[in-house]
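The numbers here are math on the coordinates, done by the rules we state, and not lab data. Because the structure is predicted, anything quoted here is derived from the model rather than measured. Cβ placement follows ideal geometry from the backbone for every residue including glycine, while neighbour counts extend to all protein chains displayed.
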Amino acid sequence: MENHPTKTKPKIKAVVFDMHGVVLKIDLGQWYRYVPYYAYLISDKLAKILGEHETPAHKQEKLDRHLKCYNGWDRLDTGVAEIIKSLKSANYVTVALSNMPTDHADTNRMLGYYDNFDYTILSSEVGHSKPDRRIFNKVEKVTGIRPENCLYFDDFFVNILAARAYGFNAELYTHLFDSPKKMRAVLDRYGVKF
């Protein structure tokens with residue numbers, strides 16, 4: 001009987017999280033309720049394209065409307081937030097990686113949603129969006145951790161495939177169908193102890 005070496009999984013040093021659909025729960029029922037407010041924000045972006053200028057009062061009104069909308073449909077998944085805190089306490093590097101528009105990113109900062117991450121990499125700030133491999137390269141450069149030592153959670157399969165093609169360990173996770181219990185099981189399967 002031949003002795004075949006078993007392939008060992010690389011040691012995970014960083015856990016990378018998408019925001020919407022993974023860390024943040026999207027309440028679709030509430031989202032539809034706030035569509036009229038969000039339409040106002042979209043029309044505001046169109047006004048900028050056409051060259052209209054914002055006054056300070058208009059900027060404040062836009063922010064107030066955005067906060068009302070955003071807080072109406074996005075909620076921090078407290079179970080996932082606890083996992084992130086625990087990972088950080090256990091000396092794993094934690095990264096938020098998201099195709100987040102600037103206005104949402106600003107709101108998330110104000111609400112403290114990025115506070116438990118060691119690094120926050122947002123497409124609107126780095127100029128690359130998932131599934132572009134350059135955004136995964138940015139994670140590697142910023143953290144100094146090789147892709148095979150990263151575990152990534154995202155709710156879009158195309159992003160999972162792109163992350164795997166870059167060399168990340170990547171798992172599909174969405175709050176609509178999964179729970180923090182499943183995330184803990186996946187982390188355990190990869191040998192992540194916290």
- prompt: Amide H neighbours of THR120 under 5 Å, counting only residues 5+ apart in sequence or on other chains, H built in-plane at 1.01 Å?
  reply: ALA96
- prompt: What does the charge count near ALA90 come to, summing +1 for each Lys or Arg and -1 for each Asp or Glu among other residues with Cβ under 12 Å from its Cβ?
  reply: +4
statement: Once normalised by the length of the range 93-194, the mean sequence separation of its alpha carbon contacts under 8 Å that are 6 or more apart gives a contact order in percent of 19 percent
- request: Quick one: which residues, 5 or more positions from LEU76 or on another chain, have an amide H under 5 Å from its amide H? H modelled 1.01 Å from N in the peptide plane, none for Pro or chain starts.
  value: LYS25
